[in-house]
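Notes to accompany the following structure.
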Amino acid sequence: MHELTITRHNPAIDPTLHIWGWEISLYLFLGGLIAGMMMITGFFLSRQRFKEATCTCALVPLLSVVLLSIGMLALFLDLSHKLYVWRMYATFKPASPMSWGSWILLLVYPALIGAFLVRPPMYLTKRFAALRRWSAKLHTHPSRIRAVGILNMVLGAMLGIYTGILLSGFGARPLWNSPILAPLFLISGLSTAAALVHLFARDRDESEMLAKADNTFLTAELVSVVLLIIGLISSTKVHIQAAQLLLTGDYAPVFWVLVIGMGIIIPLIIQSLAVRHKVAHMPIAPIMVIIGGLILRFVIVEAGQVSHWTRAALLP
Amino acid sequence: MARYGMVIDTTKCVGCMDCVVACKTENDVPQGYNRDWIAYDTNGQHPNLHMEIRSERCNHCDNPPCVYCCPCGASHIHERGGVVLVYHDKCSGCKACIAACPYDARFIHPEGYADKCTFCIHRVETGMDPACVSVCPTYCMHFGDLDDPNSGVSRLLSSRRNHPLIDEAGTRPQIFYLT
C-alpha cells in the first residue's frame with residue numbers, strides 16, 4: 001500500500017486542484033471558435049472570393065468581435081487580482097504561453113476589424129459614413145484585401161494553437177502535457193467555426209462548402225483525439241492514469257457520449273450523408289458540433305486539473 | 001553565488017507542526033491557508049509498514065515552471081540564493097503558476113495575488129534561519145547554501161541518503177529529505 005496524508009487544505013488546491021472553472025473553458029472554446037472563423041474568413045478574403053461567401057465575409061468578422069469580447073470578459077472574470085490585469089501588457093515574457101496569448105488577443109481585434117471592413121453590413125454603412133470611406137479605401141487595391149485575409153489566417157492559426165499550448169505547457173498536469181493538444185484545439189476550433197457558418201449561411205453553395213470542410217475538420221479532430229490518447233497511454237504511469245480519467249474514469253461518460261459521440265461521430269455521419277444528398281442538411285448536426293467543441297474544452301480543463309503527479313502515483 | 005536550499009531529516013521529524021505554526025505567525029498567513037504543511041507518507045504491506053513524515057513547502061526549484069509561465073513577471077527568481085518569489089503588485093491572479101507547480105505549493109491569497117513560501121528571505125537576509133527551521137524542536141530542518149561544499153546542508157547531503165520530491169517532473173527542487 002501507499003498512503004499519503006497531508007495537513008494542507010488550501011482553497012481551490014485541495015483535495016484536487018480547481019483553480020479554473022467555466023470562465024477558462026468558455027474562453028478556450030470561444031478562442032478556438034474565433035480562430036477557426038478567422039482562418040475561414042481569411043481563406044476567402046485572400047482568394048478574393050468574398051462576394052460568393054456572404055455569410056463568412058459579412059457576418060462572421062462582426063460576430064467574432066462580439067465573441068472575442070465575451071471571451072476576454074470571461075478571462076477577466078477569472079482573474080483573482082483584477083485591478084492588476086494591465087500588468088500583462090506591461091511586459092512580454094517569451095517563455096509564457098499566457099503572455100503570448102494576451103498579446104495575440106490584442107492583435108486579433110484590428111485583424112477582425114480589417115476583415116469586417118471588407119463587407120460591412122448595409123444597415124451600418126448607411127448610418128456611418130466613415131465605415132463607407134474606410135471600406136472603399138480597402139477596396140482600392142485587391143492586394144489590401146488579400147493582406148487582410150492572410151493576416152486573419154496567420155493570427156487565427158496563432159490564436160487557435162495558443163489555446164492548446166496554454167494548457168500543454170503545464171508539465172505538472174499530465175493530461176494537458178501533450179503536444180497534440182495544440183493541433184487538437186486548432187482543428188476543433190476550425191470544425192466549430194465551419195459548423196457555425198454552415199448554420200447561419202443562407203447561400204446554399206456556401207453552406208454546402210462549409211459542411212464539406214467541416215467533415216474534413218471533424219475527421220482530423222477524431223484522429224487528433226486518438227493520437228492524444230495514444231500519446232498518453234504509451235507514456236509514463238502518471239500519463240496513463242491521466243488518460244484513464246477520460247477513457248474509463250469520472251469523465252468517461254461525458255467524453256465518450258458528448259465529445260466523441262455527439263460532438264464528432266454523429267454529426268460527421270449526418271453531414272456526410274447530407275453532402276452526398278442522401279438526407280437534407282439539418283441544423284442539428286452543426287449544433288452538435290458546436291456543443292461538442294464546448295464540452296471538449298470543459299472536459300479537458302476539468303480532468304486536466306484532477307490529473308496529478310503525486311496523486312496518480314498513489315493509485316494502484 | 002549562493003544557492004539556498006533545505007535538508008529535512010525525516011528520521012527526526014515527528015510531525016508536530018511547529019514549523020507550520022511558526023510560518024503562519026511569521027508571515028501572517030491568512031486563516032485556512034498554508035505555506036507549509038506536514039505529509040505523512042506510508043508505504044509497504046502490513047505488518048511491514050514504513051512511515052515518512054515530511055515538512056513540505058515550495059521547493060524553490062532551480063528550473064521553476066511557475067516563473068517561466070508567469071505572463072506578468074510577478075513570479076521571479078530572487079537575486080539572492082535563487083529563491084522563487086512573487087511580486088504581489090505585479091500579479092494579476094491568472095493562476096498559471098498554480099497550474100504549473102507539481103507540488104501544489106501555491107495558493108491565491110484572499111487579497112487576490114499568488115502566494116507561497118519565501119524561505120523567509122526577509123529573515124535570511126539579516127542572517128537568521130527561516131522561521132520554520134528556527135523553531136523545529138527536533139532540529140530536523142536545516143537551511144543553507146547548497147553551492148558551498150562546506151555548508152551544513154551540503155555536508156548532510158554528501159553523508160546521508162536523501163531524495164527530493166517528484167524529481168521526475170524535472171523542476172530540480174532544492175529541498176531534500178534525509179531517509
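The values are calculated or read from the model by the stated rules, or taken from the named source; none is laboratory data. Model, not experiment: these values are computed from the prediction. Quick reminder, even Gly has a Cβ in these numbers, built from the backbone with ideal geometry, and neighbours come from all protein chains shown.
Scanning the range A:144-187 for residues that are under 10 Å from the mean Cα position of the chain (by Cα) and more than 20 Å from residue A:98 (Cβ to Cβ) yields a total of 1. Quick check on my filter: what residues within the range B:22-66 are part of a helix (DSSP H, G or I) and without any contact (Cβ under 8 Å) to a residue 24 or more places away in the chain? Once the filter is applied, which keeps residues that are part of a helix (DSSP H, G or I) and without any contact (Cβ under 8 Å) to a residue 24 or more places away in the chain, the range B:22-66 yields only B:24. Here residue A:125 passes the criteria (1) of a type outside the set (Gly, Ala, Ser); (2) surrounded by fewer than 21 Cβ atoms within 10 Å (Cβ to Cβ); (3) touching a residue at least 40 places away in the same chain (Cβ under 8 Å) except the one numbered (3). Being within 18 Å of residue A:192 (Cα to Cα), out of contact with any Ser or Thr (no Cβ under 6 Å at 6 or more places or on another chain), without any contact (Cβ under 8 Å) to a residue 60 or more places away in the chain and surrounded by fewer than 24 Cβ atoms within 10 Å (Cβ to Cβ) is a property that does not hold for residue A:30. Every condition in (1) polar (S, T, N, Q); (2) more than 10 Å from chain A (Cβ to nearest Cβ); (3) surrounded by fewer than 23 Cβ atoms within 10 Å (Cβ to Cβ) holds for residue B:59 except the one numbered (3).
Wholly within the range B:74-165, which strands (runs of 3 or more DSSP E) include no fewer than the required count, namely at least 2 residues that are more than 14 Å from every other protein chain (Cβ to nearest Cβ)?
On the way: elements: B:75-77, B:84-86, B:141-145.
Result: B:84-86, B:141-145.
Just checking, does the range A:15-26 include any residue being assigned to a loop (DSSP other than H, G, I, E, B) and either without any contact (Cβ under 8 Å) to a residue 12 or more places away in the chain or within 16 Å of the chain's Cα centre (by Cα) (or both)?
Of all residues in the range A:15-26, those assigned to a loop (DSSP other than H, G, I, E, B) come to A:15-21.
Among the residues that remain, those that are also either without any contact (Cβ under 8 Å) to a residue 12 or more places away in the chain or within 16 Å of the chain's Cα centre (by Cα) (or both) are: A:15.
The answer is yes; a qualifying residue exists.
Being free of Cβ contacts under 8 Å to residues at least 40 places away in the same chain and more than 25 Å from residue B:15 (Cβ to Cβ) is a description that applies to residue B:150. For residues in the range B:1-53 being more than 13 Å from chain A (Cβ to nearest Cβ) and farther than 20 Å from residue B:135 by Cα, which is modelled with the highest pLDDT? Only one residue fits best here, namely B:3.
Remark: pairs (first residue in the range A:1-12, facing chain B (nearest Cβ under 7 Å); second residue of a type in the set (Gly, Ala, Ser) and surrounded by 13 or more Cβ atoms within 10 Å (Cβ to Cβ); Cβ separation under 7 Å; 6+ apart in sequence or on different chains) = A:4/B:39; A:6/B:39.
Please pick out the residue among A:107, A:75 that is within 21 Å of residue A:163 (Cβ to Cβ), of a type in the set (A, V, I, L, M), more than 14 Å from chain B (Cβ to nearest Cβ) and in contact with a helix residue (DSSP H, G or I) (Cβ under 9 Å, 6 or more places away or on another chain). First the steps, then the outcome.
On the way: A:75 fails: more than 14 Å from chain B (Cβ to nearest Cβ).
Of A:107, A:75, the one residue that is within 21 Å of residue A:163 (Cβ to Cβ), of a type in the set (A, V, I, L, M), more than 14 Å from chain B (Cβ to nearest Cβ) and in contact with a helix residue (DSSP H, G or I) (Cβ under 9 Å, 6 or more places away or on another chain) is A:107.
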